[in-house]
Amino acid sequence: MVTIRLALVPALLAAACAPVTEQAPTTAASDPAVSGALFVAGKFGNTLAKVDLSTGEEVLRVDSCANPHELATSPDDKHVALACYGGQTVDIFRTDTLAKVKSIDLGENARPHGIVWHPKGDLYATAEGRESIFWVKDPLGEADAVEFQSGKRGTHMLAVSPYGLHAWTTDLGSRTVTRIDLKAPSPPVSVEVGEEPEGIALSPDGGTLWVSARGSNRAFALDPMTLEVRKSAETGRFPLRIVVRPQGDFAVTSDLQDGGLSVIDTATGEVVRQIAVSGPQQAEERIQVTILFSPDGSRIYVAETMANTIAEVDFASGEVLRRLPGDGGGDGIAIIE
C-alpha cells in the first residue's frame with residue numbers, strides 16, 4: 001500500500017504536449033560491439049518498448065499509461081520506472097519481459113514527469129500538476145511516497161544528490177530552479193535562471209548543477225547549494241535537455257530547433273563543438289527531445305520524437321551511427337548494459 005504524506009496544498013496543471021503524425025522508423029544495422037538494451041516511452045502511442053542494442057531491433061513492446069514520458073532504470077538493471085505524465089502514477093516494469101510489477105499512485109492531478117531511480121534504491125519523481133516532487137522509499141516494496149512542495153509552476157525535470165540529501169527541479173512556468181532539502185525541515189529555495197529552464201543534470205561528483213534554459217538558448221552551471229550561477233554558455237536554439245557525460249568532462253544539450261547537440265567543456269563552461277544530428281532542415285520533422293549517454297560515455301542517444309527514431313551518435317566523432325526504432329513518438333529513454 002502507498003502512503004502519501006503532504007507538505008503543502010497541490011496546485012495548477014502545466015500545458016500538455018500536442019500529438020504528432022507518426023512516420024516509419026529507419027531500419028537500424030546490427031552492431032555486435034554494443035550490448036545491452038534501450039527502453040523507449042512512446043508518448044503518443046502510450047507504449048513502452050525495448051530495443052536490443054546489438055541487433056538494433058525492437059524486441060518487445062507493451063501498452064503503458066497515457067502520455068508516458070521520462071524513464072529510469074533500477075540500480076540492478078532489473079526494472080524500469082515510467083512517469084505517467086497523462087495520469088498520476090509511476091509504473092514499474094521488469095526489464096527482461098516488460099511485465100508491469102507495480103503502479104505507485106501519487107495522488108490526484110499528479111502528472112509525474114521527471115524521474116530518478118537513485119543508486120541507493122529510492123525513486124524520485126516530479127508531480128507537475130501538484131507543484132511538487134515525491135520521494136518514494138522502497139519502490140518495489142511498501143512504496144512509501146513522501147511529497148515535498150516546490151510551490152512553483154511547471155515543476156518538470158529533476159536531479160538528486162549522490163547521498164539523497166537534496167533534490168533540484170526546473171520550473172518552466174515560474175522560470176526558476178528550486179532546491180528542496182529532503183532530510184531537513186527547511187523551505188524550498190528558488191532562483192530565476194534564464195527563460196524557461198527545463199533541462200537539468202548534476203555532475204557525477206555532485207559539485208555542479210547544470211541547467212539548460214530553452215527560451216534563452218543558454219546553459220548555466222550553478223552552485224548546487226547557493227544556486228549561484230558560476231558559468232553561462234550560449235548553446236544552439238531551444239536547448240530542451242542537458243546531460244553530463246559519466247566521466248564528468250562534458251555537458252551536452254539537445255538543441256531542438258537546430259536538430260543538433262552543443263558540447264560544453266565543464267571545466268571552462270564553454271561550448272567547444274556542435275554535433276549535427278538531424279540538422280536544421282529536418283529539425284521540425286524529427287523534433288529531438290531526450291538525450292542519454294551510454295554508461296561508458298562513448299555514445300549518446302537522441303530521441304527524435306516526430307520521426308519515431310532514436311539516433312545513436314558516436315560522441316568522439318559526432319557521427320550518427322544508426323537510427324533505432326522509437327515508435328509512437330519515442331521521448332523518454334533509458335539504458336542498461
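Which three semi-axes in whole Å describe the equivalent ellipsoid of the chain, each the square root of 5 times a Cα gyration tensor eigenvalue, listed largest first? Numbers along the way, then the final one.
Details: eigenvalues 150, 116, 64 Å².
So the equivalent ellipsoid measures 27, 24, 18 Å along its semi-axes.
Just to confirm a number: summing +1 for Lys and Arg and -1 for Asp and Glu over residues other than Leu71 whose beta-carbon lies under 12 angstrom from that of Leu71, what do you get?
Numbers: positive: Lys43, Lys50; negative: Glu70, Asp91, Asp331.
Taking every Cβ under 12 Å from that of Leu71, the sum is -1.
Quote the relative contact order of the chain in percent (integer), defining contacts as alpha-carbon pairs under 8 Å separated by 6+ residues.
Relative contact order for the chain comes out at 15 percent.
Can you run phi through the Karplus equation (6.51, -1.76, 1.60; θ = phi - 60°) for region 70-75 and list ³J(HN,Hα) in whole Hz, with x for Gly and Pro?
Those phi angles translate into 6, 10, 8, 9, 6, x Hz.
Please report Leu321, Leu123 as a ranked list, fewest other C-beta atoms within 10 angstrom at the top and most at the bottom.
Least to most surrounded, the residues fall as Leu321, Leu123.
Quick check on the chain: helices-only [θ] at 222 nm, where DSSP H runs of length 4 and up contribute -39,500 (n - 2.57) each and the sum goes over total residues. Nearest 500, please.
Value at 222 nm, helices only, nearest 500: 0 deg cm²/dmol.
In Å and from the alpha-carbon atoms only, list the Rg and Dmax of region 102-161.
Cα radius of gyration and Dmax of region 102-161 are 10.7, 31 Å respectively.
For Leu256, list long-range residues whose amide hydrogen, built 1.01 Å from N in the peptide plane, is under 5 Å from its own amide hydrogen.
Leu240
Figure the gain on full extension for Ala316 and Val229 (residue separation times 0.36 nm, minus the Cα-Cα span) and round it to one decimal in nm.
On the way: separation 87, 0.36 × 87 = 31.32 nm, distance 2.85 nm.
Length gained between Ala316 and Val229: 28.5 nm.
Listed highest first by mean packing, meaning other Cβ atoms within 10 Å per residue, what order do 55-61, 45-51, 326-332 come in?
Peptide ranking by packing, descending: 326-332, 45-51, 55-61.
How big is region 125-209 by Rg and Dmax over its Cα atoms, in Å?
Using the Cα atoms of region 125-209, the pair Rg, Dmax is 12.5, 40 Å.
Sticking with the crude label model, points 7 Å out along Cα→Cβ, report the distance from Asp181 to Ser30 in nm, one decimal please.
5.6
Calculate, in nm to one decimal, what Leu140 and Ala66 gain on full extension: separation in residues at 0.36 nm each, minus their alpha carbon distance.
Once the chain is fully extended between Leu140 and Ala66, it gains 24.5 nm.
How would Met306, Met157 line up from fewest to most surrounding beta-carbon atoms within 10 angstrom? Working shown, then result.
Values: Met306 22, Met157 28.
If I rank by nearby Cβ atoms, fewest first, I get Met306, Met157.
Amide H neighbours of Thr235 under 5 Å, counting only residues 5+ apart in sequence or on other chains, H built in-plane at 1.01 Å?
Here Arg218, Ala219 satisfy the definition.
Bear in mind these aren't lab numbers, they're just calculated from the coordinates by the rules spelled out. All figures in this text were calculated on a predicted structure; none of them were measured in a lab. Every residue, glycine among them, receives a Cβ derived from its backbone with ideal geometry; neighbour counts consider all protein chains shown.
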